[in-house]
Structures are given as structure tokens and as C-alpha cells.
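Heads up, the thing below is written out as C-alpha cells.
Just so it is clear, none of the values below were taken in a lab; they were calculated from the coordinates. Please read all numbers here as calculations on a predicted model, not as lab measurements. Here the Cβ positions follow ideal geometry from the backbone for every residue, glycine too, while neighbour counts run over all protein chains shown.
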Amino acid sequence: MHDGAGRDRNVQLTPSRPAHSLVQARRDFRLLRPERHDRLGLDEGRLDFITCDRLTTLRREAMSGKHRFGNFVLSLTTRVLFGVPVRDSQSGMWVFRREVLKDLTLTADGMPFSEELKVEAFRARRGRCLEVPIEYRVRIGEAVLSTWSDGFHNLAFLFGKRFGRPKGTRGELYGAPQP
């Protein structure tokens with residue numbers, strides 16, 4: 001889990017699951033309930049990347065209509081521009097094996113990071129990635145989201161990534177200190 005410095009209470013509500021940075025992602029995907037591991041193929045090593053889909057089973061009260069529309073537009077744009085089978089490109093809930101990083105070109109920071117991670121993972125490890133529907137509930141606390149500016153920034157990022165020149169190199173994490 002990555003602590004995005006939000007003002008919600010996600011980190012306080014999950015004290016047994018401390019926030020870890022991207023580079024410290026857990027190898028064994030412990031953020032998913034253990035009873036789902038066998039069914040998803042995690043223990044057998046059949047998957048390298050799992051992301052969560054909040055939208056398939058979304059309850060109306062869990063997300064505003066404006067945010068549902070924004071998620072629809074951004075996720076559709078992601079599918080069309082990059083050909084990745086992701087229904088929820090904006091979910092920040094994902095787990096992956098550390099060795100996946102060497103195959104990715106990650107240039108984004110901030111809000112576009114999650115969508116870029118999904119695009120890169122699904123393109124680099126097609127067939128070894130999965131999107132899993134989850135139950136998304138009403139947020140406890142205040143979300144840190146500037147709806148329109150974040151949405152347009154994410155949309156501009158997607159078009160820039162697809163038609164622009166990448167800033168990073170494969171296996172390099174944007175802004176990460178290099179040895």
C-alpha cells in the first residue's frame with residue numbers, strides 16, 4: 001500500500017498493514033486476503049501484477065456521479081490509447097512482484113502514476129496481470145482530489161505518454177535516486 005498523503009483515515013484504519021513505498025512493495029501480495037491467493041494464482045507464481053477494480057460492483061453512494069463519469073472517461077481513454085484491458089485505470093490499489101519494475105518505464109509522479117503503472121505492467125507482462133473487482137465503500141474522512149484539475153491532468157498525461165516522447169528509461173523509477 002502506498003500512503004498518498006491523503007486526509008482520509010485509510011492508514012490509521014489499517015494499522016496492521018503499514019504504508020510502504022512503491023519500491024518496498026511486498027513480494028507475496030499480502031495486501032489481498034489470503035483466502036483469495038490460490039484462486040488468483042499468486043502462490044503459484046502465475047501472476048506478476050494485480051490491480052483492483054472499484055467500478056464493477058460500485059455502490060451509488062460510494063462515489064459521486066462526477067467521479068464515476070471521470071473514471072469512465074479516463075479508463076476508456078486508457079483502453080483505447082494503450083489497448084490494456086483495465087476497467088478502473090484510476091484505482092490506486094495494486095500489488096506486484098518487485099522484478100516487474102525492471103520492465104517498466106515509469107515517468108509520472110502524482111495522480112497519473114497509478115494509471116501509468118497499470119499501462120506499463122499490462123503491456124510488459126500481458127497474460128501475467130489481472131484486474132480484480134473489489135467492494136468499494138464510502139470513504140471515511142476527506143479525499144485529496146481536485147476533481148477537474150486532477151482529471152484533466154491525468155487525461156493530458158495519457159495523451160502525452162501515447163503520442164509524446166517518454167522521459168524515463170526502462171527499469172528506472174521517476175525521481176528515484178540511482179545507485
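Numbers at a glance
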quantity: Distant-in-sequence amide H partners of ASP53 (H built 1.01 Å from N, under 5 Å); calculated: VAL132, ILE134
quantity: Global geometry of the range 94-160, whether rounded, prolate or oblate, following the gyration tensor of its Cα atoms and the 1.5 cut on a/c; calculated: oblate
quantity: Low-density loop positions, trypsin sites (Lys or Arg not before Pro), the range 40-91 - DSSP coil, at most 15 other Cβ in 10 Å; calculated: ARG46, ARG59
quantity: Distant-in-sequence amide H partners of THR105 (H built 1.01 Å from N, under 5 Å); calculated: GLY171
quantity: Karplus-derived 3J(HN,Hα), 6.51/-1.76/1.60, for each residue of the range 109-126, Hz, glycine and proline x; calculated: 10, x, 4, x, 4, 5, 5, 5, 4, 5, 4, 5, 5, 5, 6, 7, 10, 3
quantity: Taking ASP109, ASP150, ASP103 and counting other C-beta atoms within 10 Å, the order from fewest to most; calculated: ASP109, ASP103, ASP150
